[in-house]
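Note sheet for the following structure.
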Amino acid sequence: MQALLGRRALGVAALSALARPGLAQTDTAVWPSRPVRLIVGYPAGGSTDICARILAEDFRTRLPQPIVVENRTGANGSLGGAHVAAATDGHTLLVSNTSTMTVNHLLYRDTRYHPLRDLVPIATITISPFILVINPRNPRTQGVRTLQDLIALAWRQPRQITYASAGVGNLQHLHMEQLLAVADAHMLHVPYRGSSVATNAMVAGEVDVLLDTPTTGGPLIHAGTFSALATTGETRWRELPEVPTVKEAGYPDFTAVFWNGLVAPANTPPELVQSLYGMVQAAAESPTARPPLLTQGDIFVLNPTQFRERIAADIERNAMAIKAAGIEIQ
């Protein structure tokens, strides 16, 4: 009964958020008055998309209008971000990630939004490390069993070992360059058009190394397709307890994680921001939504103020990484 009352309270809170001029002319005094769109700037099947679909299923139990997930892909998530930043219907939200909110405006001239000016953070959803993987059938990395082995190989063959990423400036690119910098090693970057394409290139043996995500890399590791050398979080990844962190492997100052989160256009009323934050909290605690969310990372729900501070800190860190790596504005 208490849980039912909690769900009703969340629904009432969302419905009572009054439309204001800043919320772009909603046509009734209650929200939502029409279907709510969750925009994802990446293809279906990735971590951000999966989080969006889990949220949509949960939100459908709390709101009187349909919840639709819409993939608007391109430019490392920038097209989806720009679409939501310009939204004027009051019913368009963005399920985003670290790249869209902390990297793209630093790298792309035509991003068309600033994450802290044109979008308002609502809540983070999940946080996850990367997993440094190789293909054990790749003859170029035979004998590599640990991160130290890989770095030693890179020292012996500078810029001959290749690593894949989902594109120039993608977090896989930035964090790999950061790791190579602290190891004083050099590899050749091979960018692909998306994380799934980069993963497929690793499976095919086109490239030698990849910072993969638990969502795509985890099943391939368990199947024996990939070998995991290290994970990039503060502690060992719960699904791979036998795999050391990069910190444990000799680089104590290195960590790299990525998050998924919910954001809205900057003109969204504070009451609605708080209602949506409460709905994300409820989804994270729901016995239906929580288990699938845990497949995408650790549950990690920051409130709007904390989320904004996290975005600002990550922008600063990534700006320094871009400068250090010499990555040019695209």
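The values are calculated or read from the model by the stated rules, or taken from the named source; none is laboratory data. All values derive from a computational prediction rather than experimental measurement. Ideal geometry is used to build each Cβ from the backbone, glycine not excepted, and the neighbour counts take in all protein chains shown. What goes into the accessible areas is simple: the full protein's heavy atoms, side chains included, and nothing from ligands, DNA or RNA. Shrake-Rupley method; radii C 1.70, N 1.55, O 1.52, S 1.80 Å.
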Is there a residue being at pLDDT below 95, surrounded by 21 or more Cβ atoms within 10 Å (Cβ to Cβ) and within 24 Å of N303 (Cβ to Cβ) anywhere in segment 84-92?
yes
Flagged in segment 205-263 as in a loop (DSSP other than H, G, I, E, B), crowded, with 16+ Cβ neighbours inside 10 Å and of a type in the set (S, T, Y), in numbering order, are T213, T225, T232, Y251, T255
Given (1) under 23 Å from the mean Cα position of the chain (by Cα); (2) hydrophobic (A, V, I, L, M, F, W, C); (3) farther than 23 Å from G74 by Cβ; (4) open to solvent by 10 Å² or more (accessible area, probe 1.4 Å), identify the lone condition not met by A152.
(1)
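Scan segment 295-305 and tell me whether some residue there is part of a strand (DSSP E or B), in contact with a strand residue (DSSP E or B) (Cβ under 7 Å, 6 or more places away or on another chain), more than 26 Å from H173 (Cβ to Cβ) and open to solvent by 10 Å² or more (accessible area, probe 1.4 Å).
Scanning segment 295-305 turns up at least one residue that is part of a strand (DSSP E or B), in contact with a strand residue (DSSP E or B) (Cβ under 7 Å, 6 or more places away or on another chain), more than 26 Å from H173 (Cβ to Cβ) and open to solvent by 10 Å² or more (accessible area, probe 1.4 Å).
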Checking the conditions here, which among T111, T61, T73 is open to solvent by 30 Å² or more (accessible area, probe 1.4 Å), modelled with pLDDT under 95 and more than 30 Å from P241 (Cα to Cα)?
T73
Can you work out which of the residues in segment 268-291 that are open to solvent by 70 Å² or more (accessible area, probe 1.4 Å) and not in a helix (DSSP H, G or I) is farthest from I50 (Cα to Cα)?
P287
Scan segment 189-201 and tell me whether some residue there is among the charged types (D, E, K, R), modelled with pLDDT under 95, assigned to a loop (DSSP other than H, G, I, E, B) and on the phi < 0 side of the Ramachandran plot.
yes
